[in-house]
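Worksheet for the structure shown next.
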Amino acid sequence: MTDAIQIYVDADACPVKDEIYRVAYRLEVPVIIVSNSHFRVPQHPLVSRIVVSDAFDAADDYIAERASKGTVVITSDILLADRCIKAGSDVLAPNGKSFTVDSIGGAVATRAIMADLRAGMGSENIGGPPPYTKADRSKFLSSLDQVLVRLKRAI
C-alpha cells in the first residue's frame, strides 16, 4: 500500500464514489470520504469516512487543510479545487476534467460570472450543469487511473 498518495472525496454530491473505490482498490490507494452527513461507505481497509459539521464549507475546509502534493482531490467545487491546486494537489471533477494551475483561473472567473447572472436574473432562468453521462463516468475512470499511476511512478 502507498501511504504517500491519498484520495480525498468531496462526497456529499459526488456521483462517482463507486468508481473511485474500484480504482483505489486496484492501485491500493487510501480513500478519505468527507461529507456533512452520514452515508454508507464500503467496509474496506483503504476507505475511511470523515463526517464534518454542517457548517458552511466545513467539508471543503477539512479537505483543503489536508491537500498537498501526493493527494488527489475529487470535487466539482471550483473554489475548493483552487485551494487544493494551490496546496499542490491533483484535482479532478467527477466528469474527469482535470483542474490545473493553467485552467483554474478561468474556471473561477466563469463561476463568478455565472453567480452574477444567477443573482441578476434569478436561478430559474439559468440552466444547471449538463446531465451526468456514461461518457463522463468513463472519462473520470480514465483520468483518475492516469493521475494515480503517474503519482505512484513518481515515488
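Derivation of every value follows stated rules applied to the coordinates shown; laboratory data play no part. All values reported here derive from a predicted model rather than from experimental measurement.
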> Among the lysines, which fall within straight-line cross-link reach of residue 17, defined as a Cα-Cα distance under 17 Å, with same-chain neighbours fewer than 8 residues apart omitted?
Replying inline: 97, 134, 139
>> Going Cα to Cα from residue 86, which lysines come in below 16 Å? Please leave out same-chain ones fewer than 8 positions away.
In response: 69
